[in-house]
Each structure stands twice: as structure tokens, then as C-alpha cells.
1. Here's a check for you: in region 42-54, which residue that is loosely packed, with under 10 Cβ neighbours inside 10 Å and not small (G, A, S) is nearest to A10 (Cα to Cα)?
2. Which of the residues belonging to region 41-63 are within 10 Å of the chain's Cα centre (by Cα), in a helix (DSSP H, G or I) and not β-branched (V, I, T)?
3. Starting from region 39-54, keep only residues that are among the basic types (K, R), then list their pairs with residues that are surrounded by fewer than 17 Cβ atoms within 10 Å (Cβ to Cβ) and in a helix (DSSP H, G or I) whose Cβ atoms are within a distance under 8 Å, requiring at least 6 positions of separation or different chains.
4. Restricting attention to region 27-40, report how many residues are at pLDDT below 95, exposed (fewer than 10 other Cβ atoms within 10 Å of the Cβ) and part of a helix (DSSP H, G or I).
5. With the checklist (1) in a helix (DSSP H, G or I); (2) more than 11 Å from the chain's Cα centre (by Cα); (3) exposed (fewer than 11 other Cβ atoms within 10 Å of the Cβ) in hand, flag the one item R24 doesn't pass.
Amino acid sequence: MSEQNQTEPASDAEVFAYMQRQLRSGRVKPVVLVDLTQKAFPDVSRERIVHCFGELDSSLLKR
């Protein structure tokens, strides 16, 4: 695992993977996922997070 530069925001792939892990864990509901992701990745814009949320598989959102 490489160290992340403090000035470089997380990639969309990293944000997407984080969101998938949270939903698959069963402990996080979709309704709070965007806010939780914003807290975990404060350097990523809300628009990018919402875009990643929109790309999630619908089966993850129906749990």
C-alpha cells in the first residue's frame, strides 16, 4: 500500500471501494453513506462522492 500525499485527494476508485465496503459490512445504511464518506475523505468534493454513490450496484442499496 502506498502512502497518500497530503495534498492529493483520494481517487474515485478509492472512494467507490470505501463505499462498497461500508455497505457490504451491513453496519451502514445508504441514507448516511454520503455523509460518512465525506467525513472519511474530507478532501473529496461532495459532487464526486455523490457521483460514486450513483455508480454503486443497486443490490447493495437494497439491503
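1. The selected residue is P42.
2. Correct list: R48, H51, C52, F53.
3. Pairs found: R46/V34; R46/Q38; R48/D12.
4. Looking only at that region, the number is 1.
5. (3)
The values are calculated or read from the model by the stated rules, or taken from the named source; none is laboratory data. What you are looking at is a predicted structure, and each value in this text was computed from that prediction instead of being measured. When we count neighbours, we look across all protein chains shown, and the Cβ atoms used for this are built from the backbone with ideal geometry, even at glycine.
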